[in-house]
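Undergrad: Right, I'll just put the structure down here and ask away after.
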Amino acid sequence: MTNKTLFLLGQLGKPHALNGYLYLNQEIYFRNFDLTDLNVVVDSSEFKIEKFKTHLKNRYLVKFHKLDSISSIEKFRGKDVYVSLTQIDNFISDNLPWPGFFISSILNEKYHVKNFFYAGELMFLTIFATEEYTIPFNSNFFKYENGNLEIINFDLFQ
């Protein structure tokens with residue numbers, strides 16, 4: 001694993017209405033999860049998402065605990081929101097966590113995670129050894145167990 005402990009969840013947008021809601025443009029993977037009660041970091045300070053809801057197509061709103069007015073949230077516009085590595089097990093889909101947690105980490109003595117990307121509904125991981133490989137990020141090729149991500153199917157390497 002990498003020694004990095006905070007990972008970009010998304011970016012806050014403009015305030016919405018007067019009740020302390022902000023738009024959140026989060027990383028695509030996190031759109032499948034209800035972020036209510038999630039602890040996040042903005043500008044080195046921790047906040048708890050009190051309410052999370054969808055708003056129109058692919059738009060989301062968050063309200064932080066005890067920030068109830070537009071004046072208390074205006075300063076957050078354009079700020080990045082981070083999630084802690086300690087919350088990795090809250091973001092499991094298809095038995096795998098968000099691949100962003102593993103960028104630059106070593107999967108075994110040979111392979112490193114270089115990056116990930118989306119192609120429509122599919123997600124791919126770019127793995128690097130002596131050559132670069134692109135592998136679908138799903139449970140046919142990877143396994144996550146005890147905090148470790150492992151390659152379990154090497155068929156695409158041949």
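Undergrad: Could you go through the stretch 28-36 in sequence order and give the Karplus-derived ³J(HN,Hα) for each residue, using 6.51 cos²θ - 1.76 cosθ + 1.60 with θ = phi - 60°, rounded to whole Hz, and x for Gly and Pro?
TA: 3, 4, 6, 5, 8, 10, 7, 8, 4
Undergrad: A follow-up question, please. Return the FRET efficiency for the residue pair Asn90, Leu56: r is the Cβ-Cβ distance, R0 is 25 Å, and the value is rounded to the nearest 0.05.
TA: Values: r = 25 Å, r/R0 = 1.01.
The formula returns an efficiency of 0.50 here.
Undergrad: Could you give the length gained by full extension between Gln11 and Lys48, i.e. 0.36 nm per residue of separation minus their alpha carbon distance, to one decimal place?
TA: Working: separation 37, 0.36 × 37 = 13.32 nm, distance 1.54 nm.
Full extension of this stretch gives 11.8 nm more.
Undergrad: Taking 8 Å as the Cα distance limit and 6 or more residues as the minimum spacing, I'd like the relative contact order of the stretch 96-157 as a percentage.
TA: On the way: 96 pairs, mean separation 15.6, N = 62.
RCO, the stretch 96-157: 25 percent.
Undergrad: Continuing with the same structure: Give me the net charge for the shell around Pro136: Cβ to Cβ below 13 angstrom, other residues only, Lys and Arg +1, Asp and Glu -1. Mind dumping the intermediate values first?
TA: Working: positive: none; negative: Asp94, Glu121, Asp155.
After counting each charged neighbour, the total is -3.
Undergrad: Follow-up. What number, in percent, do you get for the relative contact order of the chain if the mean sequence gap of Cα pairs under 8 Å and at least 6 apart is divided by its residue count?
TA: Values: 300 pairs, mean separation 31.8, N = 158.
The normalised contact order for the chain reaches 20 percent.
Undergrad: Next up: Taking amide H positions as placed 1.01 Å from N in the peptide plane, with prolines and chain starts having none, which residues 5 or more places from Gly10, or on another chain, fall under 5 Å of its amide H?
TA: Glu27, Val81
Undergrad: Over the stretch 1-76, how many pairs of lysines fall under 27 Å by alpha carbon, counting only those 8 or more apart in sequence or from different chains?
TA: 23
Undergrad: Step through the residues of the stretch 136-148 one at a time and calculate ³J(HN,Hα) from phi using the Karplus curve (6.51 cos²θ - 1.76 cosθ + 1.60, θ = phi - 60°), rounding each to whole Hz and writing x for Gly and Pro.
TA: Per residue, the Karplus-derived 3J(HN,Hα) values read x, 8, 8, 6, 7, 10, 10, 9, 10, 8, 6, x, 10 Hz.
Undergrad: With +1 on the Cβ of every Lys and Arg and -1 on the Cβ of every Asp and Glu, and nothing else charged, how large is the dipole of the stretch 1-153 about its Cα centre, in debye rounded to the nearest 20?
TA: Numbers: 16 positive and 17 negative charges, 138 e Å.
That gives the stretch 1-153 a dipole magnitude of about 660 debye.
Undergrad: Calculated from the structure, volume of the Cα convex hull per residue in Å³ equals which of (i) 191; (ii) 98; (iii) 117?
TA: Working out volume of the Cα convex hull per residue in Å³ from the coordinates points to (iii).
Undergrad: Under a crude label model (7 Å from the Cα following the beta-carbon direction), how far is Asn108 from Lys66 in nanometres?
TA: Distance between the two pseudo-spin positions: 4.9 nm.
Undergrad: Let me ask something else. Could you work out how far the C-alpha centroid of the stretch 96-134 sits from that of the stretch 1-55, in angstrom?
TA: The distance from the Cα centre of the stretch 96-134 to that of the stretch 1-55 comes to 24 Å.
A short reminder: the numbers here are calculations on the coordinates, not readings from a lab. The model shown is predicted, which means the values in this text are computed figures rather than measured ones. All Cβ positions, glycine included, derive from the backbone under ideal geometry; neighbour counts span all protein chains shown.
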